[in-house]
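Peer 1: So that we are looking at the same thing, I have put the structure below in structure tokens.
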Amino acid sequence: MRLLLVEDEEKLAATLVNNLKSEGLGVDVAENGAKGILMATNYAYDLVILDITLPEPNGTQILKQIRQDDCETPVIMLTARSSVQDKVTHFESGADDYLTKPFAFMELLVRVRALLRRRSAQQTDVIHIADFELDRVTHRAKRADRRIELSGKEYALLEYLAANAGRVLSRAMILEHVWDQSFESLTNIVEVYIRQLRNKIDEGYPHKLIRTVRGAGYIFGDSST
């Protein structure tokens, strides 16, 4: 699982990152609102931890933008504000949880795990994109009724791409989701597997499903739409 932490308090951010990583979670950090809104709306994350009191754009504005983009990623709001009205306002804006500072890390971790479990339970068993279909129960894929044979790692990468269709996935995200580590010594492993999937899924079709976003990563979806 990969999380985005949007927090401008440097010491708090460093502590949360270290603790979350020790629990086996990948974490990217945005230290200001501008970077936070860019990352939250352009990359696929399993969960966003978002401080409200950021410099412009603040956490409230970022939350609204995330939901305006039809992004269903769970969001936990962090704030020193504890009024009921403030909580109601952010829940109505699309927040999934709300944690008041100061807080114990274990409380945050419990909430993170609960939202990640709920997100996993809500995922559909069969993904349909244009003429492509992926069955997450049987691990079978096909395009235009043609069965696609996949190795274990090819399936894992394809599922991650398809489950986040329309979202940019960086190389680092793919490495942490599919290989569970950075694989610094295997610098081109993502490129190798992307090429293998393209040969199996896109070769011979006019509309390509796997596309490269220069300098950012890869995106899965019908390029004709």
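The values are calculated or read from the model by the stated rules, or taken from the named source; none is laboratory data. Computed from a predicted model, the values in this text were never measured in an experiment. Counting neighbours? That spans all protein chains shown, and the Cβs are built from the backbone with ideal geometry, glycine included. Note: areas computed on protein heavy atoms with side chains; ligands, DNA, RNA excluded. Shrake-Rupley method; radii C 1.70, N 1.55, O 1.52, S 1.80 Å.
Peer 1: Let me check I've understood the local charge: for Thr100, count other residues with C-beta under 15 angstrom from its C-beta, Lys and Arg +1, Asp and Glu -1. What total comes out?
Peer 2: -2
Peer 1: In addition: Quick one: net charge of Ala13's neighbours, Cβ under 13 Å, K/R +1, D/E -1?
Peer 2: Summing Lys and Arg as +1 and Asp and Glu as -1 gives -3.
Peer 1: Right, here's the next one. Determine the dipole magnitude for the chain: charges of +1 sit on the beta-carbon of Lys and Arg, -1 on that of Asp and Glu, nothing else is charged, the reference point is the Cα centre, and the result goes in debye to the nearest 20.
Peer 2: Computed about the Cα centre, the dipole is about 440 debye.
Peer 1: If you count only protein heavy atoms and use a 1.4 Å probe, how large is the accessible surface of Val110, to the nearest 10 Å²?
Peer 2: Estimated to the nearest 10 Å², Val110 gives 90 Å².
Peer 1: Using modelled amide H (1.01 Å from N, peptide plane; none on Pro or chain starts), what sits under 5 Å from the amide H of Ile148, excluding residues fewer than 5 places away?
Peer 2: The answer is Ala141, Lys142, Arg143.
Peer 1: Same structure, new question: Which FRET efficiency value, to the nearest 0.05, is calculated for Glu149 and Asn188 with the Förster distance at 25 angstrom and r the Cβ-Cβ distance?
Peer 2: About 0.60, to the nearest 0.05.
Peer 1: For every other residue with a beta carbon closer than 15 angstrom to the beta carbon of Ile194, add +1 if it is Lys or Arg and -1 if Asp or Glu, then tell me the sum.
Peer 2: Net charge around Ile194: +3.
Peer 1: Taking H as built 1.01 Å from N, whose amide H comes closer than 5 Å to the amide H of Tyr98, not counting residues under 5 places away?
Peer 2: Here Met77 satisfy the definition.
Peer 1: How many Lys pairs in the chain lie less than 29 angstrom apart by Cα atoms, where the lysines are 8 or more positions apart or on different chains?
Peer 2: 22
Peer 1: So, one more: Multiplying the sequence separation of Asn18 and Lys142 by 0.36 nm and subtracting their Cα-Cα distance, what value in nm do you get? Let's see the in-between values first.
Peer 2: Values: separation 124, 0.36 × 124 = 44.64 nm, distance 4.05 nm.
Once the chain is fully extended between Asn18 and Lys142, it gains 40.6 nm.
Peer 1: Could you check which residue among Asn199, Asn32, Asn42 shows the biggest mean-square fluctuation in a GNM of the chain with a 10 Å Cα cutoff?
Peer 2: Result for the chain, Cα springs under 10 Å: Asn199 fluctuates most.
Peer 1: Next question, about the same structure. Which semi-axes, in whole Å and largest first, does the equivalent ellipsoid of segment 83-207 have when worked out from the alpha carbon gyration tensor as the square roots of 5 times its eigenvalues? Don't jump to the answer; show the numbers that get you there.
Peer 2: Numbers: eigenvalues 252, 75, 33 Å².
The equivalent ellipsoid of segment 83-207 has semi-axes of 36, 19, 13 Å.
Peer 1: Next up: For the chain, what number results from the quotient of the Cα radius of gyration and 2.2 N^0.38 Å?
Peer 2: It is 1.08.
Peer 1: Using helices alone, I'd like the mean residue ellipticity at 222 nm for the chain: each DSSP H run of four-plus residues gives -39500 (n - 2.57), total over residue count, nearest 500. Working shown, then result.
Peer 2: Values: 8 runs with 89 residues, N = 225.
It lands at -12000 deg cm²/dmol.
Peer 1: Alpha carbon centre of segment 128-178 versus segment 11-63: separation in Å?
Peer 2: What the calculation gives is 26 Å, centre to centre.
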